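Shown next, in structure tokens, is the structure this report addresses.
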Amino acid sequence: MSEMQDYKSSLTDTSSRKFETFSYLPAMNSDGIKKQVEYLVRQGLNPAIEHTEPENAFDHYWYMWKLPMFGETNVDKVLARPRLATRRTRTTISACLAMTTSSSRRAPRW
């Protein structure tokens, strides 16, 4: 049986912060992000964008950028939305999340 690995995390060292499940994954490049969006569209999920100021990223609710993109299947349009949200709101952090059609429940964001 393997031992549990201890992740060194410090609030003062921003590169070491580990808060949620996805923060333990390696950083995703643009191809990886595109594959994730393609997957959520194939699953029939509705993409949505959240954004926030960097200083509020870990202890506040994020703002939803407009409405979820109900029925959107164009991956390039979905990928353009976080960039637009960041440019218009002047925040530097945005995230894509997925919502189901039947119950409007949130899937994890990334």
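Annotations
- Subset tally (residues that are in contact with an Asp or Glu (Cβ under 6 Å, 6 or more places away or on another chain) and without any contact (Cβ under 8 Å) to a residue 24 or more places away in the chain) for the range 37-93: 1
- For the range 41-88, a residue qualifies if it is small (Gly, Ala, Ser) and in contact with a strand residue (DSSP E or B) (Cβ under 8 Å, 6 or more places away or on another chain), and the qualifying residues are Ala48, Ala57, Gly71, Ala85.
- Every test in (1) part of a loop (DSSP other than H, G, I, E, B); (2) farther than 16 Å from Ile33 by Cα; (3) modelled with pLDDT of 85 or more is passed by Thr91 save one, and that test is (3).
- Matching residues in the range 64-78 - criterion: being under 13 Å from the mean Cα position of the chain (by Cα) and surrounded by fewer than 16 Cβ atoms within 10 Å (Cβ to Cβ): Met64
- Set Leu40, Leu97: member being out of contact with any Leu (no Cβ under 7 Å at 6 or more places or on another chain), hydrophobic (A, V, I, L, M, F, W, C) and farther than 29 Å from Asp13 by Cα: Leu40
- Positions within the range 39-50 being more than 11 Å from Leu97 (Cα to Cα) and buried (at least 17 other Cβ atoms within 10 Å of the Cβ), in sequence order: Val41
- Test: residue in the range 46-57 that is charged (D, E, K, R) and closer than 20 Å to Met28 by Cα: yes
- Conditions (1) assigned to a loop (DSSP other than H, G, I, E, B); (2) farther than 19 Å from Gln36 by Cα; (3) of a type outside the set (A, V, I, L, M): number failed by Thr101: (2)
The values are calculated or read from the model by the stated rules, or taken from the named source; none is laboratory data. Given the structure is predicted, the values throughout are model-derived calculations rather than measurements. All Cβ positions, even for glycine, are placed from backbone atoms using ideal geometry, and neighbour counts span all protein chains on display.
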